[in-house]
Amino acid sequence: TVPIRVKILPQDWLRVAKESGDVGVQIEYLKKAVAQNTGDVGVRKLLASIYLRQNRAEEAALLYADVLRIKPDDTAAAKELARCHLKVNRADQAVEILSNLVRQQPQDAEAYSMLGLAFSHQKLWNKAIESYVQAVGLDPENHPVRLRLAEAYEKADKAGAATEQYQYITTHSQDAAPAWRALGDSYLRKKNYDRAIESYTQVIKSNPKDAAAYANLATAYGGQGNAKEEMANLQKAVALMPDEPIIHFNLAAAY
């Protein structure tokens, strides 16, 4: 008999965690690795990312805060901590983190975009606009951020500025359908039915099975008094979404 002593190191827990296909097992092994290595940011980030995928934002936030305790200048961890705060409706704390981040790194477009989102959570639309404008200035071809900027303009009753952003996306983006839809909704609210029809038609060109687009297109035709096209598009919407009662109701009203 030969007695042996085995010392389990943090990297051993990490290796076993990576080899396991069971998320619960991965978490337990990574927690052991975290406990044994008080200065390792990598394993904390890995465990935090798993928590986020499991919608356990509070636990992820504690780990990202721990990473920042060890490494205060870790930009990625600061952004992830802000995301955690937004997930659990702590927009104030997210704003504080991101405001500090943009002061330290004024060329970080993503940080400005996230700050805009945090202000949107607080319904501070003008501040959200300021942040999104900064983000777009640094990264002009980030069309999802432009879309959020346009939405913030609408919330701030700046319809002209919103339309300008939507139109930019429709002419520059490979995926312009969300902007066309938003334009259609905007025109529909203004009872500009011709432009609404044009916009929803573009959405349908991108996705011919978009039931909501057919239903909104029908509403625009109804606003024009074109009952034939209204019913035709509602019939298409019903065929694509047969269990949606509102579409059935609208079709009945058209009949």
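The values are calculated or read from the model by the stated rules, or taken from the named source; none is laboratory data. All figures in this text were calculated on a predicted structure; none of them were measured in a lab. Cβ atoms come from the backbone with ideal geometry, glycine included; neighbour counts cover every protein chain shown. Protein only, heavy atoms only, side chains kept; ligands, DNA and RNA dropped before computing areas. Shrake-Rupley method; radii C 1.70, N 1.55, O 1.52, S 1.80 Å.
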Acute angle (nearest 10 degrees) that the helix 227-240 long axis makes with the longest principal axis of the chain, alpha-carbon atoms: 30 degrees
Calculated FRET value between Lys155 and Gln224, using beta carbons and R₀ = 35 Å, to 0.05: 0.80
Accessible area in square angstrom per residue, segment 176-242, 1.4 angstrom probe: 49 Å²
About the Cα centre, charge dipole magnitude for segment 104-228 (Lys/Arg +1, Asp/Glu -1 at Cβ), debye: 560 debye
Average accessible surface area per residue within segment 100-162, 1.4 Å rolling probe, Å²: 51 Å²
Residues of segment 1-80: accessible area per residue with a 1.4 Å probe, Å²: 62 Å²
The chain, accessible surface, carbon-and-sulfur percent (1.4 angstrom probe): 51 percent
Principal semi-axes in Å for segment 1-149 [√(5λ), Cα gyration tensor, largest first]: 38, 14, 13
Identified option (computed Rg and Dmax of the Cα atoms in Å; candidates [x] 21.3, 69; [y] 24.9, 94; [z] 22.9, 70): [y]
Size of electric dipole in segment 22-106: Cβ of Lys, Arg +1 and of Asp, Glu -1, about Cα centre, debye, nearest 20: 100 debye
Whether segment 103-235 is rounded, prolate or oblate, judged on the alpha carbon gyration tensor where a/c under 1.5 counts as rounded: prolate
Angle between the chain longest axis and helix 193-206 axis [Cα atoms, degrees, rounded to 10]: 50 degrees
Neighbour-limited loop hits for trypsin sites (Lys or Arg not before Pro), segment 180-255 (at most 16 other Cβ within 10 Å; DSSP other than H, G, I, E, B): Lys190, Lys191, Lys209
Net length gained if the chain between Arg56 and Val2 were fully extended (0.36 nm per residue, minus Cα distance): 14.9 nm
Positive dipole terminus of the chain, leading residue within Leu46, Ala152, His121 (C-beta point charges): Leu46
Nearest-ten-degree value, helix 211-224 long axis tilted from longest Cα axis of the chain: 30 degrees
Sequence-separation-based contact order of the chain, relative, with Cα cut under 8 Å and 6+ spacing, percent: 7 percent
Charge dipole (debye, nearest 20) of the chain; +1 at Cβ of Lys and Arg, -1 at Cβ of Asp and Glu: 460 debye
Shape call, segment 72-135: gyration tensor on alpha carbons, a/c limit 1.5: oblate
